[in-house]
Amino acid sequence: MKFSIDNKLRGKVFVGVGIVHNVRNGEYPSELLTVINDTVKEVRSKYSLDSLKDDPIIRRYRDFYWHELGIDPTKQRPAQEALLRRVLRGEDLPRINPMVDIGNAASIKYLVPIGLYDIDSFGGRDLVIRYARDGEVFNPIGSPRKSLTSNQIILSTMDGLILHVYPYRDSETTKIRPETRNVLIVTAGVPGIDEDRLINSAQFIIDLAVKYLGGNAHVNPTVVRDERDINA
């Protein structure tokens with residue numbers, strides 16, 4: 001699988017990419033739930049609702065929303081900030097399935113948006129992060145199909161299947177399901193975010209999937225800023 005970033009977006013976005021195979025996503029080990037709950041406790045002890053907007057990592061993503069996407073981040077929160085605010089209000093992380101819940105735990109721990117995709121649902125085809133074309137249709141999780149505009153950034157296969165609107169909305173078509181076995185992990189970077197944060201968040205997901213869901217990983221997470229072959 002080749003993963004590339006369109007020339008127009010190089011320097012504006014970059015990603016951490018990892019892959020885990022053969023997960024058992026239909027079972028929910030109690031030990032995994034304990035790890036996720038411990039992560040929630042960790043972030044509650046570290047952050048507060050009042051100070052969150054001033055965190056330098058959160059600020060980087062807010063600035064990206066304002067200046068690159070034209071989105072007011074106080075009205076549409078960056079994905080990881082929305083999750084973190086939820087737990088800081090005393091709510092639990094949503095329970096969807098083990099793999100997705102691991103991704104959400106990583107997102108609030110490392111403060112980065114994380115996308116997880118069923119590799120078999122797009123056939124492991126080559127991927128590109130690019131600007132959408134006016135009128136391209138996206139099928140978001142839990143919402144009606146949407147027509148995109150050319151200022152929106154997407155992750156798609158080379159032949160046009162859209163997996164993600166960057167960096168906050170995933171596709172119904174390629175989402176992680178209980179029967180998912182092979183998972184592509186994409187941790188979304190913006191200017192000012194350290195590469196290690198993206199690598200470490202992807203590694204956290206892989207480690208938990210291997211330990212608790214029986215997965216296996218034969219490649220280390222990597223950062224993509226232009227073009228790279230990913231061993232899928």
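For this structure, a couple of remarks:
- Failed criterion for Thr173 (all others in (1) free of Cβ contacts under 8 Å to residues at least 60 places away in the same chain; (2) out of contact with any Ser or Thr (no Cβ under 7 Å at 6 or more places or on another chain); (3) outside any strand (DSSP E or B) hold): (2)
- Annotation note: Cβ proximity below 7 Å between a residue of the range 203-216 that is over 19 Å from Ile119 (Cβ atoms) and a residue that is open to solvent by less than 10 Å² (accessible area, probe 1.4 Å) and part of a loop (DSSP other than H, G, I, E, B) (sequence gap 6+ or interchain) occurs for no pair.
- Pairs, first closer than 12 Å to Ile193 by Cα and open to solvent by less than 10 Å² (accessible area, probe 1.4 Å) in the range 104-115, second assigned to a strand (DSSP E or B) and not charged (D, E, K, R), C-beta under 6 Å, six or more apart: Val112/Thr187; Pro113/Ala188
- All conditions in (1) at pLDDT 95 or above; (2) out of contact with any Pro (no Cβ under 9 Å at 6 or more places or on another chain); (3) over 25 Å from Arg59 (Cα atoms) hold for Ser143, with the sole exception of (1).
- Listed conditions (1) among the basic types (Lys, Arg); (2) under 27 Å from Asp226 (Cβ atoms); (3) assigned to a helix (DSSP H, G or I) are all met by Arg130, apart from (3).
Matching residues to (1) under 25 Å from Ser171 (Cα atoms); (2) touching a helix residue (DSSP H, G or I) at 6+ places or on another chain (Cβ under 6 Å); (3) at pLDDT below 95:
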| site | (1), (2), (3) |
| --- | --- |
| Phe3 | yes, no, no |
| Asn7 | yes, no, no |
| Glu27 | yes, no, yes |
| Leu32 | no, yes, no |
| Glu42 | no, no, no |
| Arg60 | yes, no, no |
| Arg89 | no, no, no |
| Asp92 | yes, no, yes |
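The values are calculated or read from the model by the stated rules, or taken from the named source; none is laboratory data. The structure displayed is predicted, hence computed values, not measured ones. Positions of Cβ are backbone-derived with ideal geometry, glycine not excepted, and every protein chain shown enters the neighbour counts. Ligands, DNA and RNA are stripped out before the accessible areas are found, and what is left, the full protein with its side chains, is counted by its heavy atoms. Shrake-Rupley method; radii C 1.70, N 1.55, O 1.52, S 1.80 Å.
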